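Read the structure below first, then the notes.
Read-outs: derived from the displayed coordinates by stated rules, not from any lab. What you see is a predicted model; the values in this text were computed from it and never measured. Note that each Cβ is placed from the backbone with ideal geometry, even for glycine, and that neighbours are counted across all protein chains shown.
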Amino acid sequence: MAKITVMFGSNIETEHNLEKDELRVGRAMDCDIVVDNLGVSRHHCSIVRDGSGWALVDKGSNNGTFVGGTKVTKHILQNQERVILGKHSLVFDAHGYAQSAGAKKGPAGMGGEMTMFVDQAALAKAMAAAQDAKRMALVISQGGRDVVMQLMRDETTLGNLGADVPAKGFLVKALQAKIVRTGTSHRLISMGGWRAVKVNGQKITERELKAGDVIVIAGHMFTYRQA
């Protein structure tokens, strides 16, 4: 399964599983992925199946669709790649699954308004630069491949059932630790209990993370690095 996460700044708005060969993205309420932004066209772009992967196809949008500051008409999506639409962005997760897919829809009246024209190229470059400067992730090795989990929330939980990042094990708490955004960096906080939270082999209660740090909880290893 793959998913698309709709972001406004660093806030997650909706998540959508890619369960059809084509998902339409835009401001109109008949889109599969609704983006509530007047800078987004009513039918802005589509996410389409492309062989064993997925591609982004612009549908003649007024302000354009951008990846990494470059305007695209068709683009093969890479894991954790970010697509800029106005002040919103779409994050593609090739291995993700949305637990509450498409929970939010935009206001019913928004789809009928005229698209607001913006300097999309300048906005996309600025947003890409800002995101690249602070985009960090936890990397987990599973089944011989690395799974990258971007730290897009202000607070990310690690622990047993129900945590954002699973670290199942004997005596592991539901909330064993949390990673909190502090400006442009992150701080790891242990929530106590029988199982230690370690960084680079040392037990910690609280620590500011640096790129390359290895977090261990009950034998689960997570590397903190730039996404």
Tell me the Kirkwood radius of segment 1-74: reciprocal of the mean inverse pair distance over distinct alpha-carbon atoms, in Å. 12.7
To the nearest 0.05, what FRET efficiency results for Lys203 and Leu161 with a Förster distance of 22 Å applied to their C-beta separation? 0.40
Expressed in nanometres to one decimal, the distance between label points 7 Å along Cα→Cβ at Met191 and Lys210 is 2.8
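Holding the Cα-Cα limit at 27 Å, pick out from Lys3/Lys71; Lys74/Lys210; Lys168/Lys198; Lys87/Lys210 the pairs that are longer than that.
In this structure, Lys74/Lys210; Lys87/Lys210 exceed 27 Å between Cα atoms.
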How big is D for segment 174-227, in µm² s⁻¹ as a whole number, if Stokes-Einstein is applied with the Kirkwood radius of its Cα pairs at 20 °C and 1.002 mPa s? 189
Order by protection proxy (mean Cβ within 10 Å, highest first), peptides 56-65, 204-213: 56-65, 204-213
